[in-house]
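**Student:** Structure in structure tokens, see below.
The values are calculated or read from the model by the stated rules, or taken from the named source; none is laboratory data. None of the values given here were measured: they were computed from a predicted structure. Ideal geometry is used to build each Cβ from the backbone, glycine not excepted, and the neighbour counts take in all protein chains shown. Remember, those area values only see protein heavy atoms, side chains included, never the ligands or the DNA or RNA. Shrake-Rupley method; radii C 1.70, N 1.55, O 1.52, S 1.80 Å.
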Amino acid sequence: LLSSSMGCTSSRPHLPQFSEAYLVFKAYDKNKDGVIAAGEVKYLLRDLGLNYSPGSVRSAIRQMDVNRNTMIEWDEFEGWYKRNKPLQEARKLFKKFANKDGVLSVDGLQKMLEQLKYKGDTTQALLEMDRNRSGTVELDEVVYWLSNRDRGQLKKLFNLHDTDPKDGQLSKKEIKTLLEDIGQDSRDSNVDDIFEIMDTDANGFISFEEFFSWFARNQAVQDCIDLFCEYDEDDSDRICTQKG
């Protein structure tokens, strides 16, 4: 190899051949043409351990396909991959607590749950995660569990504000109340902007999948809800301001 001290520079573009995201991208670039077809996204989500219901697949495609050409290019996929909170959280935790065989033992799982401040039963958590009944937990199982844990919390929040009428969707008025309750800017101009972003099918209402998709992209809202859940110690959907 020629060193740069000899005045030799490379004109080849930098390609992240060894990054995890790039290896995943290449695995689903079936035609080796530098893009992932929209039809492959369902299998990508499934194999990553993420929710792959029809609504979740449509939401993921909307998030990835920034230029709306019905194909997922590398830069689009990389941005989505880095923004995906359950996936990144799972990979970080898994790497920290996995054993030499690349799986979580019961002991490693317990340590991971302690870091997550998980209040439930460890044995039950193992049963929920260990979908292939191997007695240990693999990365895709952790991703799936964390992803659905977030969905459960958000479904609870969504249902709490789906009140008038209780029809499985949120009106702009209900979105405004929800934003107020989680400490977000609820001025009419901001509510209008957020509602337009959420309402991807432009039908004037927000479905749970639209709400979940927006939440997954909004770090500030995630932090607010995480903080709320931390202090909602009795899962009553409210925080008591007085001791006792």
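**Student:** Once you keep just the Cα pairs under 8 angstrom separated by 6 or more residues, what percentage relative contact order results for segment 103-223? Don't skip to the end; give the middle numbers.
**Tutor:** On the way: 91 pairs, mean separation 20.5, N = 121.
About 17 percent, as a whole number.
**Student:** Also, quick follow-up: How many nm is it between the label spots at Asn99 and Lys26, if each spot is 7 Å from the Cα in line with the beta carbon?
**Tutor:** 3.1
**Student:** Give me the distance in nm between label points sitting 7 Å out from Cα along the Cα-to-Cβ direction at Glu114 and Asp192, one decimal.
**Tutor:** The modelled label-to-label distance comes out at 5.3 nm.
**Student:** Once R0 is set to 45 Å, what does the formula 1/(1 + (r/R0)^6) return for the Cβ-Cβ distance between Asp75 and Glu180, expressed as a FRET efficiency to the nearest 0.05?
**Tutor:** Values: r = 36 Å, r/R0 = 0.81.
The formula returns an efficiency of 0.80 here.
**Student:** Here's something else I'd like to know. How much length, in nm to one decimal, is gained on full extension between Glu89 and Ala202, taken as 0.36 nm per residue of separation minus their Cα-Cα distance? Numbers along the way, then the final one.
**Tutor:** Details: separation 113, 0.36 × 113 = 40.68 nm, distance 3.17 nm.
My answer for the length gained is 37.5 nm.
**Student:** What whole-number value in Å² describes the accessible area per residue of segment 35-154 for a 1.4 Å probe? Before the final figure, lay out the partial values.
**Tutor:** Numbers: 6140 Å² over 120 residues.
In whole numbers, segment 35-154 has 51 Å² accessible per residue.
**Student:** Could you tell me the calculated FRET efficiency between Arg62 and Asp107, based on Cβ-Cβ distance and R0 = 30 angstrom, to the nearest 0.05? Intermediate results must be reported in sequence, preceding the final value.
**Tutor:** Working: r = 40 Å, r/R0 = 1.35.
Efficiency for this residue pair is about 0.15.
**Student:** Further, regarding this structure: Quick check: residue separation of Asp47 and Arg133 times 0.36 nm, minus the Cα distance between them. What number comes out in nm? Walk me through the intermediate numbers first.
**Tutor:** Values: separation 86, 0.36 × 86 = 30.96 nm, distance 1.71 nm.
Length gained between Asp47 and Arg133: 29.3 nm.
**Student:** Another question about this same structure. Counting Lys and Arg as +1 and Asp and Glu as -1, each charge on the Cβ, what is the dipole of segment 56-197 about the Cα centre in debye, to the nearest 20?
**Tutor:** Working: 25 positive and 27 negative charges, 85 e Å.
With only Lys, Arg, Asp and Glu charged at Cβ, the dipole is about 420 debye.
**Student:** Calculate how large, on average over all directions, the projected area of the Cα convex hull of segment 28-119 is; give the answer in nm² to one decimal.
**Tutor:** On the way: hull surface 29.9 nm².
So the mean shadow area of the Cα hull is 7.5 nm².
**Student:** Which length gain, in nm to one decimal place, applies between Gln124 and Lys156 when the Cα-Cα distance is subtracted from 0.36 nm times their residue separation? Present the calculation step by step, with values, prior to reporting the outcome.
**Tutor:** Values: separation 32, 0.36 × 32 = 11.52 nm, distance 2.07 nm.
Fully extending the segment from Gln124 to Lys156 adds 9.4 nm.
**Student:** Also, quick follow-up: Filter the cross-link list Lys82/Lys117; Lys111/Lys176; Lys117/Lys172; Lys42/Lys95 down to pairs whose alpha-carbon distance in this structure exceeds 30 Å. Walk me through the intermediate numbers first.
**Tutor:** Values: Lys82/Lys117 24 Å; Lys111/Lys176 39 Å; Lys117/Lys172 34 Å; Lys42/Lys95 25 Å.
Check vs 30 Å cut-off fails for Lys111/Lys176; Lys117/Lys172.
**Student:** With contacts defined as alpha carbon pairs under 8 Å and 6 or more residues apart, what's the relative contact order of segment 69-147 in percent? The partial results should precede the final answer.
**Tutor:** Values: 61 pairs, mean separation 24.7, N = 79.
Relative CO of segment 69-147 lands at 31 percent.
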